[in-house]
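Trainee: Pasting a structure here, questions to come.
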Amino acid sequence: MFKEWFTEGIPIGDWAKSFTEWTKDTFSFLFEPIKEHLGNFMEWFSEDVLMQIPAFVFILVIAILAFILSKKKLGLMVFSIVGLWLIYNQGYWEELMSTVTLVLIASILSIIIGVPLGILMAKSKTAEAILKPVLDFMQTMPAFVYLIPAVAFFGIGLVPGVFASLIFATPPTVRFTNLGIRQVSKELVEASEAFGSTGAQKLFKVELPMARATIMAGINQTVMLALSMVVIASMIGAPGLGKEVLTALQRSDVGTGFVAGIGIVILAIIIDRFTQSVNKKQNNA
């Protein structure tokens, strides 16, 4: 066998294919409900919630939030109003809502998974030794590769787009949570122990609050990575602005691709400034 591997090559591709098929067949009872229920929820949220909000109301709410989060500075508010109005003016409002849904769901799931894993890494050297190579693998693997298991497990549509985004976007939250907790002053931790704090009290009342800025930086990176997957996820049927960019690319339609790309850039800037402003506001509180 080893001689065959040496002369003909190790059948890594066959192993990967067999493992994927085994996983799909073995856990089909799990994948099918996720595909159905998560897909239905995302369609409902996009079409029956976000799309039912008049565009001017949505823009007004975002503008008010921008004004509050930026400490009553006009720059972010004006940019949000002009940027979102421009997307609406170009006829991409529905695609924007689909993109917002994809990014929001993927980011929330990444945070729900990432923060506990980061805490586990900070508390256990064994967990850190196991998870570090996994995170390295997740971050260095080309994003397009994630589309293969996503399609194999969930078919095409929003759900595989979320799955691929989840794998790609989760590592920063895990790493920054781990880093933030490990950077908490040992004197503070020892003081909390001296006052008789339990492990949970020490975590939730000392370590997490002190690590909040670092964790929020990781969450910011997670959200931006989820947004960066929008165009790639469109290759497996995810709707939104990314689909318009992909269609324009296939048709060599520079104008349509440029406008849809500008929409993604506007959304990225707004999300980035919002998450940074939330972090600054919490730090100053």
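The values are calculated or read from the model by the stated rules, or taken from the named source; none is laboratory data. All of these numbers come straight from a predicted model, not from anything done at the bench. In this analysis, Cβ positions are derived from the backbone assuming ideal geometry, glycine residues included, and neighbour counts consider all displayed protein chains.
Trainee: What are the pairs with Cβ atoms under 8 angstrom where one residue, in the stretch 77-90, is surrounded by 13 or more Cβ atoms within 10 Å (Cβ to Cβ) and the other, located anywhere, is among the hydroxyl-bearing types (S, T, Y)? Sequence gap at least six, or different chains.
Mentor: Pairs found: M77/S70.
Trainee: So, T20, is that one farther than 17 Å from I269 by Cβ, in contact (Cβ under 8 Å) with a residue 12 or more places away in the chain, part of a helix (DSSP H, G or I) and out of contact with any Lys or Arg (no Cβ under 8 Å at 6 or more places or on another chain) or not?
Mentor: Against the criterion (farther than 17 Å from I269 by Cβ, in contact (Cβ under 8 Å) with a residue 12 or more places away in the chain, part of a helix (DSSP H, G or I) and out of contact with any Lys or Arg (no Cβ under 8 Å at 6 or more places or on another chain)), T20 qualifies.
Trainee: Go through the stretch 70-95 and give me each residue that's in contact with a helix residue (DSSP H, G or I) (Cβ under 7 Å, 6 or more places away or on another chain), small (G, A, S) and within 15 Å of I262 (Cα to Cα).
Mentor: Those that are in contact with a helix residue (DSSP H, G or I) (Cβ under 7 Å, 6 or more places away or on another chain), small (G, A, S) and within 15 Å of I262 (Cα to Cα): S80, G83.
Trainee: What are the pairs with Cβ atoms under 6 angstrom where one residue, in the stretch 47-75, is within 20 Å of I105 (Cα to Cα) and the other, located anywhere, is of a type in the set (A, V, I, L, M) and at pLDDT 90 or above? Sequence gap at least six, or different chains.
Mentor: L50/M97; M51/M97
Trainee: In addition: Search the stretch 202-221 for residues that are farther than 16 Å from K123 by Cβ and pair each with any residue that is hydroxyl-bearing (S, T, Y) when their beta-carbon atoms are under 6 Å apart and the residues are at least 6 apart or on different chains.
Mentor: G218/T173; I219/T173; N220/T275
Trainee: Which helices (runs of 4 or more DSSP H) sit wholly inside the stretch 57-148 and have at least 2 residues that are under 21 Å from V159 (Cα atoms)? Step through it out loud before you land on a result.
Mentor: On the way: elements: 74-89, 93-123, 125-140.
Filter on the stretch 57-148 gives 93-123, 125-140.
Trainee: Contact list please: Cβ distance under 6 Å, first residue in the stretch 111-128 and within 12 Å of L208 (Cβ to Cβ), second residue in a helix (DSSP H, G or I) and hydroxyl-bearing (S, T, Y), pairs at least six apart or on different chains.
Mentor: Correct list of pairs: V115/T177; G118/T177.
Trainee: Would you point out which residue out of K123, K72 is at positive phi and surrounded by fewer than 21 Cβ atoms within 10 Å (Cβ to Cβ)?
Mentor: Of K123, K72, the one residue that is at positive phi and surrounded by fewer than 21 Cβ atoms within 10 Å (Cβ to Cβ) is K72.
Trainee: State yes or no: is L65 surrounded by 15 or more Cβ atoms within 10 Å (Cβ to Cβ), on the phi < 0 side of the Ramachandran plot, modelled with pLDDT of 80 or more and of a type outside the set (S, T, N, Q)?
Mentor: Working: surrounded by 15 or more Cβ atoms within 10 Å (Cβ to Cβ): yes; on the phi < 0 side of the Ramachandran plot: yes; modelled with pLDDT of 80 or more: yes; of a type outside the set (S, T, N, Q): yes.
Yes.
Trainee: Would you mind stating whether M224 is under 30 Å from M121 (Cα atoms) and without any contact (Cβ under 8 Å) to a residue 60 or more places away in the chain?
Mentor: yes
Trainee: From the list V206, V184, V189, which residue is farther than 29 Å from L86 by Cα and not in a helix (DSSP H, G or I)?
Mentor: V184
Trainee: Please verify whether the stretch 24-35 includes one or more residues that are at pLDDT 90 or above, part of a helix (DSSP H, G or I) and surrounded by 16 or more Cβ atoms within 10 Å (Cβ to Cβ).
Mentor: No: zero hits.
Trainee: Another question about this same structure. When the residues of the stretch 216-274 are narrowed to those that are outside any helix (DSSP H, G or I) and within 20 Å of the chain's Cα centre (by Cα), which ends up surrounded by the fewest Cβ atoms within 10 Å (Cβ to Cβ)?
Mentor: Here the answer is G237.
Trainee: So if I check each of A143, A152, which one is among the small types (G, A, S) and farther than 22 Å from L30 by Cβ?
Mentor: Values: A152 fails: farther than 22 Å from L30 by Cβ.
That would be A143, the only listed residue that is among the small types (G, A, S) and farther than 22 Å from L30 by Cβ.
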